[in-house]
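The structure appears right after this line, and notes come after that.
Please treat every number below as a calculation from the coordinates, not as lab data. On a predicted model such as this, the values are computed, not experimentally measured, just so you know. Ideal geometry is used to build each Cβ from the backbone, glycine not excepted, and the neighbour counts take in all protein chains shown.
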Amino acid sequence: MFSAVRTAFARRSFATSAVAVDGFTGAVGNTPLIYLKHLSEKTGSRIFGKAEFQNPGGSVKDRAALGVVRDAEDQGLLKSGGTVVEGTAGNTGIGLAHVCRARGYKCVIFMPNTQSQEKIDLLRMLGAEVHAVPAVAYENPANYNHLARDHAKGLSNAIWTNQFDNTANAYAHYISTGPEIWEQTQGDIDAFICATGTGGTLAGTGKYLKEKSNGKTQIWLADPPGSVLTSYINSGGKLTERSGSSITEGIGQGRITDNLATFVNDISGAFTVPDEKSIQMVYELLDTEGLYLGASSALNVVAAVELALKLGKGTNVVTVLCDGAYRYQSRLFSQKWLEAKGLSGAIPEHLKKYTVL
Ligand code: PMP
């Protein structure tokens, strides 16, 4: 009854590609699916992480960035020498900055000034014009997204890519992340779970997996504190006020974006992962699996483990390893920063050796 993937996968081979790819954009996608050995053994199930940190711009958002730019080009909205404007927590902006350099567009990024300095610096080094603006709620006209939209309106030959409500974002995952995971698991996948920012990854990947499995693959949502999505899904669609915050960057939401709306009714369930567990998993992934990953990846893995335990032994659960820790290391590995966030107690004694002062 079980297919080969339950017992066998490419243990010893190096990932290879048979053909050369065309520039930066050709290198987006086709990331490995990593079997997380230690965590799998702990649960008696198989936990896999899609290695999105291996995209050429370093995150899962390279797919969405390429998707929205291609869509705008196909529609004739973005012409040679044009400008791409976006509001982003950073990773979409980094993906867009790469795509824009590779395709000859200018790139203007509006982001909340609460994001890590590494991301802001990198965007500037990639040639983007960066506006780090005060972090205010979506309802406020000064929210970074609205500022991006208004800025694009004032320029000629410019587009606002609108990653939250432009479904070319989810579509990029529907045609790439979903099929790749289906192939890599040989269709033997009980559940897929991840957190959402725009919802593009969850909706696009989830829709593909659900369709291909004839509804057999369950799709779950994982949330950081301060996001309203868990209560929305578990209450059958009641939207509450946003309250609280999280150290995880790029995820959590206060509304149902158009990308998430395309799939929200097909989500099997959701749960919130506290920051203590996410930060602990950042260290545990490094210590046991040798993976140096950001906090959203860690949150996803905590959620995948919890879901595997919930679904019972012998299940195949896939999640997303969104980006590397390099983008956040001045925070996640700083004792001072962890103390300031009240999280230093979350790191077990044997993992404290990884922190720097
Ligand atoms: N993790 C990180 C680090 C991100 O930057 C993002 C996107 N902001 C996500 C996860 C969530 O991806 P999506 O927008 O597709 O929901």
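If the Kirkwood radius is taken over C-alpha pairs of region 111-182, then at 20 °C and 1.002 mPa s the Stokes-Einstein diffusion coefficient equals 149 µm²/s. Seen from a random direction on average, the alpha-carbon convex hull of region 38-136 projects onto 8.5 square nanometres. Could you list the residues of region 72-91 with an amide nitrogen less than 18 Å from a label point located 7 Å from the Cα of ARG242 in the Cα-to-C-beta direction? Residues 86-91 fall inside that zone. Screening the chain for whole DSSP H helices of 15 Å or more along their axis (Cα) with average Kyte-Doolittle hydropathy at least 1.0 returns 295-311. Taking VAL19, VAL282, VAL130 in turn, the Gaussian network model of the chain (Cα-Cα springs below 10 Å) assigns the largest fluctuation to VAL19. Annotation: the residues ASP150, ASP22, sorted from fewest to most other C-beta atoms within 10 Å of their own C-beta, follow the order ASP22, ASP150.
Send over the Kirkwood Rh of region 224-304, from the inverse of the averaged 1/r over different Cα pairs, rounded to one decimal Å.
Its Kirkwood hydrodynamic radius stands at 13.5 Å.
When the P(r) of region 218-357 is calculated, the portion above 17 Å amounts to 61% of the C-alpha pairs.
Here the dipole of the chain is about 360 debye; that uses its Cα centre as origin and unit charges on the Cβ of Lys and Arg (positive) and Asp and Glu (negative). When Rg and the Kirkwood radius Rh are both evaluated on Cα atoms of region 294-357, their ratio Rg/Rh stands at 1.07. Going by neighbour counts of Cβ atoms within 10 Å, the residues CYS107, CYS194 line up, fewest first, as CYS107, CYS194. Sorted from longest to shortest, the spans of the Cα atoms of region 102-221 along the three principal axes equal 47, 33, 28 Å.
Ordered by the count of other Cβ atoms within 10 Å of each Cβ, fewest first, LYS79, LYS61, LYS353 give LYS353, LYS79, LYS61.
For the chain, the spread of Cα coordinates along the three principal axes comes to 57, 46, 43 Å, biggest extent given first.
Within the chain, the longest segment free of exposed loop sites, counting GluC sites (Glu not before Pro) that fall outside DSSP classes H, G, I, E and B and have at most 10 other Cβ atoms within 10 Å, spans 1-138. For region 163-208, the spread of Cα coordinates along the three principal axes comes to 31, 19, 12 Å, biggest extent given first. Reducing region 24-77 and region 262-301 to their Cα centroids gives an inter-centroid distance of 15 Å.
Report the normalised scattering of region 194-237 as log10 I(q)/I(0) at q = 0.14, 0.19, 0.22, 0.26 Å⁻¹, calculated by the Debye formula with identical scatterers on the alpha carbons. Rounded to two decimals, the profile gives -0.35, -0.62, -0.79, -0.96.
Bridging of LYS210 to lysines at a Cα separation below 20 Å is possible for LYS50, LYS310, once same-chain residues fewer than 8 apart are set aside.
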